[in-house]
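Below is one structure, written out as structure tokens; comments come after it.
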């Protein structure tokens, strides 16, 4: 897969770890991942009160589902992040740098009033490419 960043001169550079736009060839499969949260294997929320820890767990969960789908974190072209407190922006992007290699995915981040569990601070959805395997 040839994932390429589009950076347009004259537009401000992203302030976090994301690209203005990403292009990919459309011949592979796309994986649409539902919101990943900081739930551990037992269903309990990991990192209560800690946005960085919850982002890390959500990214680990995302990585697991992508690998099971024949994709990976380097194949992610878009993420949407829902935060309970936008003041955690820097914490989230610090962790994202650990999981998303360059070029980073296109992204939107918004503050929301609530998530499905009151302990949750972060939810991340993603779109990734899953290259077709040779048959």
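The values are calculated or read from the model by the stated rules, or taken from the named source; none is laboratory data. On a predicted model such as this, the values are computed, not experimentally measured, just so you know. Counting neighbours? That spans all protein chains shown, and the Cβs are built from the backbone with ideal geometry, glycine included.
The table that follows gives values for the structure above.
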item	result
Scope segment 94-116; condition closer than 19 Å to residue 46 by Cβ and either in contact with a helix residue (DSSP H, G or I) (Cβ under 8 Å, 6 or more places away or on another chain) or modelled with pLDDT under 95 (or both); matching residues	94, 95, 96, 98, 99, 116
Extreme residue, farthest from residue 49 (Cα to Cα), among residues of segment 77-93 that are in contact (Cβ under 8 Å) with a residue 40 or more places away in the chain and touching a helix residue (DSSP H, G or I) at 6+ places or on another chain (Cβ under 7 Å)	81
Qualifying residues in segment 117-135 (those that are modelled with pLDDT under 95 and crowded, with 21+ Cβ neighbours inside 10 Å) - the one farthest from residue 49 (Cα to Cα)	129
Count of segment 16-34 residues which are in contact with a helix residue (DSSP H, G or I) (Cβ under 9 Å, 6 or more places away or on another chain) and surrounded by fewer than 16 Cβ atoms within 10 Å (Cβ to Cβ)	2
Scope segment 2-13; condition surrounded by fewer than 15 Cβ atoms within 10 Å (Cβ to Cβ) and either within 23 Å of residue 97 (Cβ to Cβ) or in contact with a helix residue (DSSP H, G or I) (Cβ under 7 Å, 6 or more places away or on another chain) (or both); matching residues	2, 4, 6, 7, 8, 11, 12, 13
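Okay, residues lined up against (1) surrounded by fewer than 16 Cβ atoms within 10 Å (Cβ to Cβ); (2) within 21 Å of residue 108 (Cβ to Cβ); (3) touching a strand residue (DSSP E or B) at 6+ places or on another chain (Cβ under 7 Å):
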{"position": "36", "(1), (2), (3)": "no, yes, yes"}
{"position": "42", "(1), (2), (3)": "yes, no, no"}
{"position": "56", "(1), (2), (3)": "no, yes, no"}
{"position": "67", "(1), (2), (3)": "yes, no, no"}
